[in-house]
1. Between ARG54 and ARG41, what is the spin-label point distance in nm, taking each point 7 Å from the Cα along the Cα→C-beta axis?
2. Nearest 500 deg cm²/dmol is fine: what mean residue ellipticity at 222 nm does the chain get from its DSSP H runs of n ≥ 4 alone, each adding -39,500 (n - 2.57), divided by its residue count?
3. Please work out how much length the chain gains when fully extended from MET1 to THR205, using 0.36 nm per residue of separation minus the C-alpha to C-alpha distance, in nm with one decimal.
4. Looking at SER85, ALA33, LEU98, which one has the Cα that reaches farthest to the positive end of the dipole of the stretch 6-151 (charges on Cβ: Lys, Arg +1; Asp, Glu -1)?
5. So for the stretch 114-225, taking the charge dipole from beta-carbon charges (+1 Lys/Arg, -1 Asp/Glu), which of LEU162, SER200, SER140 sits furthest toward the positive end?
6. What whole-number distance in Å separates the alpha-carbon centres of the stretch 1-29 and the stretch 46-101?
7. Report, to two decimal places, the Cα Rg of the stretch 73-168 normalised by 2.2 N^0.38 Å (N = number of residues).
8. Grab the beta carbon distance between GLU80 and ARG141, set R0 = 41 Å, and tell me the FRET efficiency rounded to 0.05.
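Derivation of every value follows stated rules applied to the coordinates shown; laboratory data play no part. The structure displayed is predicted, hence computed values, not measured ones. Reconstructed Cβ throughout: ideal geometry from the backbone, glycine too, with neighbour counts over all protein chains shown.
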Amino acid sequence: MPRLDDRLKLVAAQIERSIHADIGSDHGHLLAALLASGRIRRGIAVENKLQPYRNSTATLSALNAEVRLGDGLEVLHEKEVESLSICGMGGQSIVQILSQHPERLPDEMILQPNKAIDLVRRWALNHGYWLIDEQSTSGSRRFEVLRLQRSTAIPDPIYQRLETIHLNESLGLIFGPWFLLRRDEDLRQRLTAEQTYLQSKPKLTAASRERMKAIEQVLCNVHFRSR
Ligand SMILES: C[S@@+](CC[C@H](N)C(=O)[O-])C[C@H]1O[C@@H](n2cnc3c(N)ncnc32)[C@H](O)[C@@H]1O
């Protein structure tokens with residue numbers, strides 16, 4: 001059985017429903033590990049490219065899983081799965097997949113964008129999903145895993161909680177409301193390192209200037225917990 005790296009282990013640990021779809025399954029390792037450990041009962045892997053589709057089919061052949069060749073949610077039916085994951089893609093691609101068939105989305109989603117994570121948080125906020133947890137890997141490359149749950153009641157209250165630490169929704173979308181509310185020393189160190197890096201550049205783009213301003217706001221307002 002394939003062993004998962006820390007990134008996919010973190011994703012797997014967030015999956016709690018028994019019928020799960022993995023969109024962009026590639027090697028199929030995530031579903032294989034979930035099925036082998038009994039964490040899920042049935043899996044659906046979706047791939048839009050032939051070789052990864054074949055790889056997933058080979059990995060999952062002896063397990064209670066189906067592999068489908070198609071574009072994102074195109075090959076899933078409404079209410080067919082209880083949860084889904086999309087991992088290892090940019091935020092823009094993830095949002096594009098989520099936006100194509102909103103009626104086919106399950107109540108629980110675990111998303112691991114490699115970049116443009118703010119786009120995924122904004123999508124969730126605008127489409128009736130609460131961000132119920134955020135976790136990250138430690139180690140040389142940091143990956144963030146977002147856990148979303150549908151709630152049509154009111155907008156996600158997590159962003160309001162940021163007021164208690166003198167921050168606002170837009171900073172929450174950029175840095176992650178849960179990461180900010182935890183006020184870990186680790187976050188302070190990462191932001192300070194990025195600030196030093198940006199300060200060392202002779203000229204900043206408009207986007208880098210915005211980023212710098214956002215970092216300063218967090219570093220000035222948040223009282224970080226010491227280790
Ligand atoms: C970078 S890999 C990540 C694989 C795996 N999810 C992981 O995190 O290790 C992205 C995979 O998603 C597939 N993919 C990209 N866009 C897709 C889409 N719209 N529908 C289905 N699969 C897609 C690609 O073919 C590729 O195999």
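1. Placing both labels 7 Å along Cα→Cβ, they lie 3.4 nm apart.
2. -12000 deg cm²/dmol
3. 68.8 nm
4. ALA33
5. SER200
6. 12 Å
7. It is 1.11.
8. 0.80
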